[in-house]
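Everything below concerns the one structure shown next.
The values are calculated or read from the model by the stated rules, or taken from the named source; none is laboratory data. Note that the structure is predicted; figures quoted are calculated from it, not measured. Neighbour counts run over all protein chains shown; Cβ positions are idealised from the backbone, glycine included. When the accessible area is computed, the model is the full protein with side chains, heavy atoms only, and any ligands, DNA or RNA have been set aside. Shrake-Rupley method; radii C 1.70, N 1.55, O 1.52, S 1.80 Å.
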Amino acid sequence: MPAHQLLTFLVAGTCAGYGGSVFAFLKGSVFPEYLSVSMSVESLVMVLLGGIHTLAGAPVGAAVFKGLDTLVTLYTDYWQAFLGSLLLAVVLACPHGLTGWAPGRRRAHGVGDG
């Protein structure tokens with residue numbers, strides 16, 4: 001078991017490092033505000049919105065969040081309040097996220113039970 005955890009940590013670290021280097025290359029530079037709390041919370045919100053314990057949860061959540069973010073910021077200055085209330089509604093209505101609504105979705109053993 002520890003060997004699998006080490007391998008998983010190694011793969012995740014490699015992917016994160018590669019992603020960071022590509023991000024810095026495409027942007028031309030990196031600034032400290034990219035490490036702010038709001039940027040970290042965005043990724044958590046994307047996963048919660050899409051659904052945890054699913055492979056498709058994070059990509060679905062990211063697509064929905066960024067789409068809504070782009071759409072809502074055009075019409076109001078209170079976009080964070082709108083997205084926050086939407087996230088709250090999704091969590092209350094469907095605790096397994098947007099992918100939890102998919103028919104035939106298989107959950108991991110013991111997840112979401114009782």
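Assorted remarks:
- Entry note, the chain: the mean residue ellipticity at 222 nm calculated from DSSP H runs of n ≥ 4, each adding -39500 (n - 2.57), is -22000 deg cm²/dmol after division by the residues and rounding to the nearest 500.
- Computed as a quarter of the hull surface, the mean projected area of the alpha carbon convex hull for the stretch 1-57 stands at 5.2 nm².
- Averaging 1/r across all pairs of distinct Cα atoms in the chain and inverting the result yields a Kirkwood radius of 16.4 Å.
- Phi angles of the stretch 64-76 translate, via the Karplus equation with coefficients 6.51, -1.76, 1.60 and θ = phi - 60°, into HN-Hα couplings of 5, 5, 5, x, 5, 4, 5, 5, 6, 5, 6, 10, 8 Hz per residue; Gly and Pro are given as x.
- Inter-label distance, LEU74 to LEU88: 2.7 nm, where each label sits 7 Å from its Cα along the C-beta direction.
- Å² of accessible area per residue within the chain, as computed with a 1.4 Å probe and no ligands counted: 75
- Residue-span extension gain [SER29 to CYS15] - 0.36 nm each, minus C-alpha spacing: 3.1 nm
- Value of relative contact order over the chain, rounded to a whole percent, pairs C-alpha under 8 Å and six or more apart: 22
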